[in-house]
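Undergrad: Below is one structure. I have some questions about it.
FYI, it's all coordinate maths here, none of it is from the lab. The shown structure was predicted, so the numbers you read here are calculated from the model rather than taken from an experiment.
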């Protein structure tokens, strides 16, 4: 049941050609950065274009306010810059 039948779309075909950016956060000092390499490899392996910029935010318990917003302006600007790049790449590929 987990394999496509003859004439069906290939497994994971819905991911092919999508564009992604990688973000991570964790309570530790590295912010989840070690896991991003593996996530990138998995996504690229199923046909997702992952932009080169990525962001890991350490100290997750203190990094966000009660509404879930980043407290540190520099971190926020970095996240926004990556999101802008992602939107730009996606728009160019959609033309």
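Undergrad: When the chain is fully extended, how far beyond the present Cα-Cα distance does residue 48 get from residue 71, taking 0.36 nm per residue of separation?
TA: 5.2 nm is the gain from fully extending residue 48 to residue 71.
Undergrad: Debye calculation, C-alpha points only, no solvent: report log10 I(q)/I(0) for the chain at q = 0.16, 0.25 Å⁻¹, in the same order as the q values.
TA: Per q value, in the given order, log10 I(q)/I(0) is -0.78, -1.24.
Undergrad: Between the alpha-carbon centers of the range 56-85 and the range 17-47, tell me the distance in whole angstrom.
TA: Answer, in whole Å: 16.
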